[in-house]
Amino acid sequence: STISKDSLKTSLLQLECHFTWTLLKEDVGLEALEETILDHIKFVEECNITDYNILSYVCHLKNSNEEALRNLQKAEAAIQKHHPGEIARRSLVTWGNYAWIYYHMQRYEEAQTYVSKVENSYKKLSSTAHGKIQLPEIYAEKGWALLRFGRKYFESAKNCFENALKSEPNNPDFNTGYAIAMFRLGSFTETCDEEVRSCLEALNRAVELNPNNTTLLALLALKLQQLKQGNEGERYIEEGLQKTPDFPVFLRYAASFYRKKGEIGKAVSILKRALALTPNSVIVHHQLGLCYKFKILLLKKERYPPQEEVDNLIQLAIFHLKTVIHKKPVFFSAYSDLGNIYALGKRYEEAEEIFQKVLHRNDIPCDDKQGIYFHYGNFQHFHMKSESKAIEYYIEALKIDKDSYRRKQCIEAVEKLLIQKIKRGLGHATDFGRLGFVHKLNGRKQEAIECYEKAIALDPNNEEYLNALAELQLSI
C-alpha cells in the first residue's frame with residue numbers, strides 16, 4: 001500500500017482514544033468488564049456513546065475486531081441521535097478507535113482515512129485557538145474509561161473529570177464522573193476528614209445537577225453512613241428504591257448500605273432482585289458471598305448453632321465466591337473471602353489451596369497483598385493454631401511499605417502475639433527483632449531500641465539488628 005506504516009503509527013499515537021490511554025487488560029477481567037458494560041447499556045436509557053466506545057476496545061482486546069467495528073457503528077448512531085449538531089466534535093474518540101482497529105486489521109487505507117478525519121476536525125475546531133484544543137468531553141470520556149479499568153486508574157480518572165469541569169463547571173455528566181471517582185478513591189484508602197468532606201460536597205453537587213440519577217443518591221447515602229449519619233443516608237436509599245426499583249447498579253449499592261447497617265436479610269433480598277436482572281454481575285455474586293458469610297458468623301455465635309442451616313449457607317457462599325474468581329481472576333480480595341468460608345466449614349485443605357493460589361501470584365497491588373497476608377495469618381492463627389506461621393505472615397504484610405487499614409490490623413495482631421510469646425519466656429532473637437520492627441513502625445523508638453538490644457544479646461552478629469539499632473540511635 002502507498003501509506004507508510006511508520007508514519008501512520010506516528011499519527012495514530014497522537015490520537016486521543018482508548019488505544020492511547022494505556023488501559024491494560026491485565027488490570028481487569030475482560031469477561032466481567034464486557035458483561036458490566038453490556039448490562040449498563042441494557043439498563044441505562046440515556047446515550048451510550050461512551051459504553052459503545054469502550055466496548056469496541058474490549059472486543060479488540062478479546063481479538064474480535066469485527067465485533068469492535070460493529071460497536072463503533074452503534075456509537076456513531078448514538079452520536080447522530082443525541083448530538084446531530086456537533087457530529088465531528090463528538091466523534092473524535094470514536095474515529096480514533098476506528099483508525100486503530102483498521103490499523104490492527106492491516107487495513108491501512110481505511111485507518112489513514114479516519115486519522116485524516118480526526119486531524120481535519122481538530123483544524124476546524126481550533127481555527128481560533130493555537131494548535132490542538134483540549135475538549136472537555138474527551139477528558140470526560142477518558143475519565144469514564146479509566147473508572148472501568150479498576151482502582152489503579154481512579155486517581156487519573158478524578159484528574160480527567162477535574163480538567164473537564166474547568167471548562168464546564170455545571171455539566172451534569174462531568175460532575176457525576178468527578179463525584180464517582182472521589183467516592184471510589186475514598187473507598188480504598190484511609191481518608192482524612194478533608195477528603196471525606198470534599199467527596200460529600202462533590203456528591204451533593206452531582207445529585208443537585210442529576211436529580212434522577214439514583215446511583216448518586218446511593219453513593220451519597222453510603223458516604224453519610226460512613227460519617228455515622230446513617231439515618232439521613234437511609235432516606236436517600238428509600239427514595240432510590242421508589243424511583244428505580246429495577247436498576248441493578250443502584251440495587252447493588254442499596255444492598256451494600258443494608259449489609260453495613262447489619263440488616264442482612266434486607267440486603268440479600270435486594271441482591272437476589274439484582275441477580276435476577278444481571279445474572280453475571282461479579283459484584284452481585286461477591287456481595288451475596290459476603291452476606292452469607294456474615295450470617296454464618298452470626299449463627300456460629302449461638303449456643304446451639306443450627307448445623308444444617310450453617311452448612312447450607314457455606315455452600316451458597318462458596319458457590320457465589322467461586323463464580324466471582326472464575327469470572328474475574330483479578331478480584332483478589334475474593335480469594336481471601338473464599339478461603340475464610342472454607343475455613344469456617346473446617347475444609348482446611350481447600351482453604352490452604354485457595355490461599356496458596358493467590359499468594360503465588362505476582363500481579364497483586366500492595367494493599368490487596370497486605371489483606372491476603374492478614375487473612376492468611378488469621379487462618380494460621382485461629383484455624384490451624386500455628387502462632388509462628390501467623391506471625392510470619394503478619395510480618396510479611398508489614399514489610400510492604402504502604403499505609404492501609406489492613407496494615408494497621410496486622411500491626412495490632414502481630415504485636416499481641418509477639419508480646420504474649422515473650423511473656424511466656426519463649427522469645428527468640430527473631431521475636432525481639434520483629435517486635436522492635438513493630439515498635440519502630442508505630443514510632444515508639446525507645447521500646448524499639450530495647451527490643452533490638454535484646455535481640456542482639458541473643459544473636460550478637462546479626463547485621464539486620466545492628467543496623468536497625470544504629471539507625472534508631474541516630475534518629476533520637
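Please calculate how many Å² of accessible area region 5-131 carries per residue, with a 1.4 Å probe and no DNA, RNA or ligand atoms counted. Mind showing how you got there, number by number?
Numbers: 6320 Å² over 127 residues.
Roughly 50 Å² per residue, with all protein chains present.
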For this session: Distance between Cα centroids, region 226-304 to region 1-48: provide it in whole Å.
Result: 33
Seminar exercise, completed: Using a 1.4 Å probe on heavy atoms of the protein chains only, the accessible area for His383 in Å², nearest 10, reads 60
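Note down the magnitude of the dipole of the chain about its Cα centre, charges +1 on Lys and Arg C-beta and -1 on Asp and Glu C-beta and zero elsewhere, to the nearest 20 debye.
On the way: 64 positive and 63 negative charges, 117 e Å.
Magnitude of the dipole: close to 560 debye.
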For this session: Provide the per-residue ³J(HN,Hα) series for region 316-327, in order, calculated from phi with Karplus coefficients 6.51, -1.76, 1.60 and θ = phi - 60°, each as a whole number of Hz, with x at glycine and proline positions.
Result: 4, 4, 4, 4, 5, 6, 5, 4, 4, 5, 5, 6
For this session: Would you mind checking the radius of gyration and Dmax of region 5-131 based on alpha-carbon positions, in Å?
Result: 14.8, 44
Problem set entry | Net charge over other residues, Cβ less than 15 angstrom from the Cβ of Lys301 (K, R count +1; D, E count -1) | +2
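Can you compute the FRET efficiency between Lys5 and Glu162 using 1/(1 + (r/R0)^6), with r the Cβ-Cβ distance and R0 = 45 Å? Round to the nearest 0.05. Mind showing how you got there, number by number?
Working: r = 37 Å, r/R0 = 0.82.
Taking R0 as 45 Å, the efficiency between Lys5 and Glu162 is 0.75.
Give, in nm to one decimal, the length gained when the segment between Arg303 and His360 is fully stretched (0.36 nm per residue of separation minus the Cα-Cα distance).
On the way: separation 57, 0.36 × 57 = 20.52 nm, distance 3.87 nm.
Here the segment from Arg303 to His360 would lengthen by 16.6 nm.
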Exercise. Given a 1.4 Å probe and every protein chain left where it sits, what share in percent of the accessible area of the chain is carbon and sulfur?
Worked result: 50
Exercise. Cα to Cα, under 13 Å, and not fewer than 8 places away if on the same chain: which aspartates and glutamates meet these conditions relative to Lys300?
Worked result: Glu308, Glu309, Asp311
Exercise. Between Ile133 and Lys322, 0.36 nm times their residue separation minus their Cα-Cα distance comes to what?
Worked result: 63.3 nm
For this session: Any lysines with Cα under 18 Å of the Lys158 Cα? List them, leaving off those in the same chain fewer than 8 positions away.
Result: Lys142, Lys166, Lys223
Problem set entry | Summed side-chain charge close to Tyr342 - residues other than Tyr342 whose Cβ falls under 15 Å, Lys, Arg +1, Asp, Glu -1 | 0
For this session: Using only Cα atoms, find the angle between the long axis of helix 282-301 and the longest principal axis of the chain, and express it within 0 to 90 degrees, rounded to the nearest 10.
Result: 20
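Determine the alpha carbon to alpha carbon distance for each of Lys42/Lys272; Lys301/Lys440; Lys74/Lys243 and list only those over 30 Å. Please list the in-between numbers first.
Values: Lys42/Lys272 18 Å; Lys301/Lys440 37 Å; Lys74/Lys243 28 Å.
With Cα atoms farther than 30 Å apart: Lys301/Lys440.
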For this session: Find which of Leu72, Pro84, Thr36 sits farthest along the positive direction of the dipole of region 5-131, computed with +1 on the beta-carbon of Lys and Arg, -1 on that of Asp and Glu, about the Cα centre.
Result: Pro84
Seminar exercise, completed: Each label sits 7 Å from Cα toward the beta-carbon; between Gln420 and Ser198 the label points are separated, in nm, by 4.3
For this session: Give the longest segment of the chain that steers clear of trypsin sites (Lys or Arg not before Pro) in DSSP loops with at most 11 neighbouring Cβ atoms within 10 Å, not counting the sites themselves.
Result: 1-227
Problem set entry | Rounded to whole Hz, the Karplus (6.51, -1.76, 1.60) HN-Hα couplings of region 232-242, x for glycine and proline | 5, x, 5, 4, 5, 5, 5, 4, x, 5, 5
Exercise. Cα axis of helix 248-261 to longest principal axis of the chain: angle in degrees, 0 to 90, nearest 10?
Worked result: 20
For this session: Could you tell me how many degrees, from 0 to 90 and to the nearest 10, lie between the Cα long axis of helix 429-441 and the main elongation axis, the longest principal axis, of the Cα atoms of the chain?
Result: 50
Exercise. Which loop-located GluC sites (Glu not before Pro) does region 118-219 contain, where loop means any DSSP state but H, G, I, E or B and the Cβ has at most 15 other Cβ atoms within 10 Å?
Worked result: Glu190
Exercise. Any idea of Val196's accessible area? Nearest 10 Å², probe 1.4 Å.
Worked result: 10
Exercise. Along each of its three principal axes, how wide is the spread of alpha-carbon positions in the chain, in whole angstrom units, largest first?
Worked result: 80, 55, 42
For this session: State, as an integer percentage, the relative contact order of the chain based on alpha-carbon contacts under 8 Å between residues 6 or more apart.
Result: 8
For this session: Measure off 7 Å from each Cα along the Cα-to-Cβ vector at Glu412 and Ile87, then give the distance between these two points in nanometres to one decimal.
Result: 6.2
Exercise. About the Cα centre of region 5-131, what is the dipole size in debye to 20, counting +1 per Lys and Arg Cβ and -1 per Asp and Glu Cβ, all else neutral?
Worked result: 560
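The values are calculated or read from the model by the stated rules, or taken from the named source; none is laboratory data. The model shown is predicted, which means the values in this text are computed figures rather than measured ones. Backbone-built Cβ (ideal geometry, glycine too); neighbour counts: all protein chains shown. In case anyone asks, the SASA skips ligands and DNA or RNA and just uses the protein heavy atoms, side chains included. Shrake-Rupley method; radii C 1.70, N 1.55, O 1.52, S 1.80 Å.
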